[in-house]
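Have a look at the structure below, then the notes.
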Amino acid sequence: MRLKIGFIGVGGIASLHIQSLLRIDGTEIVSVYDVNKENAVKAAESTGAQVMDSAEQVLDPARIDAVYICTPQFARGNLEELAALRGIHLFVEKPLGLDMEEVRRKEQVILESGIIHSVGYCLRYLDTVQQAKAYLTGRQAHLIQAYRFGGSHPAEWWHRLDMSGGHLVDAVTHQIDMIRYVAGEFNEVEAKLGRVSFDSLQSKGSIYDAGSIAFSMEQGTVGSITESCLSPFHTASDLKLFGHDFFVYLSQNGAVLAIIDGGQNETITSAMDPYFEQCKAFVEAVTHHTQAPILSSYADGARTLAVTLAANRSSLERTAIHF
Ligand SMILES: NC(=O)c1ccc[n+]([C@@H]2O[C@H](COP(=O)([O-])OP(=O)(O)OC[C@H]3O[C@@H](n4cnc5c(N)ncnc54)[C@H](O)[C@@H]3O)[C@@H](O)[C@H]2O)c1
């Protein structure tokens, strides 16, 4: 049986998923929709899919088994719920949205529907991240330091706080998700977010250019995340975990892992393409109708979103937010 897939939103990230799916036997991209017709036509040309007139038309259970929703987070509407109610398996990009209540409602509908669901926290699929998680099982860090310094997305929506949630909600979400994945759940966040450079550059956007987030976790670990989306001379996306008898360092967005303790001093570099692994896992999950290969469920994505939205609120209200 061939797995028939539809795409809603075929911009930057969707084209990576399409390239991955085209390499996986037994899958076929049959329908695409994008508000930008040019993007839809381009995706259709590279896949042989049909361009549909609306997102709802893509969600036709007679035509597709699974859907990739890759619209920006402000433009998801009720698409995930529709897919679930129609029995269509769901891959949806991170972050899951900008409103926690809405995301929790969708989570409920998805869970009750019994469909397979996966959220685009692709870094979880790296073997290095898997090894860090395995090493940290049964060990507890006393301190976590994470940072993400880089550039901004070219799209206009990304620069609007009400459409993207900012660098923290859109991009640093990967580092926050990695912390949750390898070290447990957040307990409290307190954030300071600033816009010094953006203000002086008279940016038309409304997002922050820098942030510093202090946090504590359920088991007593404390830590900080520092981030900037305006860093032309230095980029980095790293996570460091300090224990009394170990040091774990995930650098280059998780692709390089160093573990140092009394018995070892080892550095491992991943050769994996996390986007491909994520697609492979989704196809396997849908084919065998099991969530087992999926490393980030919708509920998981919702929990990571809650941390980032709480950090935004913490900065705005100048208070710590407890979960
Ligand atoms: N997992 C990752 O590593 C990763 C990487 C990049 C982006 N993303 C996420 O993927 C999503 C899209 O990001 P992108 O970089 O592809 O953005 P993009 O701007 O490159 O593409 C978005 C596409 O969605 C289309 N679109 C917008 N509103 C739509 C609507 N209502 N209906 C249908 N199509 C619509 C746009 O025309 C565009 O083609 C974002 O949520 C982003 O955070 C995830």
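The values are calculated or read from the model by the stated rules, or taken from the named source; none is laboratory data. A quick note: this is a predicted structure, and the numbers were derived from the prediction, not measured. Ideal geometry is used to build each Cβ from the backbone, glycine not excepted, and the neighbour counts take in all protein chains shown. For accessibility, only protein heavy atoms count, side chains too; no ligands or nucleic acids. Shrake-Rupley method; radii C 1.70, N 1.55, O 1.52, S 1.80 Å.
Among the residues here, residue 184 does not qualify as within 14 Å of the ligand (Cβ to nearest atom), outside the structural domain of residue 35 (by TED's automatic domain parsing) and either open to solvent by 40 Å² or more (accessible area, probe 1.4 Å) or modelled with pLDDT of 95 or more (or both).
In summary, helices (runs of 4 or more DSSP H) completely within the range 1-117 and bearing 3 or more residues that are within 11 Å of the ligand (Cβ to nearest atom) and out of contact with any Leu (no Cβ under 6 Å at 6 or more places or on another chain) occur at 12-22, 37-47. Checking the condition part of a helix (DSSP H, G or I), free of Cβ contacts under 8 Å to residues at least 60 places away in the same chain and out of contact with any Pro (no Cβ under 7 Å at 6 or more places or on another chain), which residue from 303, 313 passes? 313 is the lone residue from the list that is part of a helix (DSSP H, G or I), free of Cβ contacts under 8 Å to residues at least 60 places away in the same chain and out of contact with any Pro (no Cβ under 7 Å at 6 or more places or on another chain).
Does residue 176 fit the bill of being more than 16 Å from the ligand (Cβ to nearest atom) and modelled with pLDDT of 95 or more? Criteria not met by residue 176. Just one of the listed residues (83, 75, 40) is buried (at least 21 other Cβ atoms within 10 Å of the Cβ) and farther than 19 Å from residue 282 by Cβ, and it is 40.
Screening residue 209 on (1) over 21 Å from the mean Cα position of the chain (by Cα); (2) open to solvent by less than 30 Å² (accessible area, probe 1.4 Å); (3) acidic (Asp, Glu) shows it passes everything except condition (1). Check whether at least one residue in the range 149-170 is part of a strand (DSSP E or B) and open to solvent by 30 Å² or more (accessible area, probe 1.4 Å), and report yes or no. The answer is yes, given that some residue of the range 149-170 is part of a strand (DSSP E or B) and open to solvent by 30 Å² or more (accessible area, probe 1.4 Å). There is at least one residue in the range 281-288 that is open to solvent by 20 Å² or more (accessible area, probe 1.4 Å) and among the hydroxyl-bearing types (Ser, Thr, Tyr).
Any idea which residue in the range 118-149 is nearest to the ligand (Cβ to nearest atom), counting only those that are within 17 Å of residue 237 (Cβ to Cβ) and β-branched (Val, Ile, Thr)? Steps first, answer last, please.
Looking only at the range 118-149, we keep the residues that are within 17 Å of residue 237 (Cβ to Cβ), and these are 120-126, 128-129, 132, 144-149.
From the residues that got through so far, the ones that are β-branched (Val, Ile, Thr) too are 128-129, 144.
Numbers: 128: 16, 129: 13, 144: 21 Å.
Per the stated criteria, the residue is 129.
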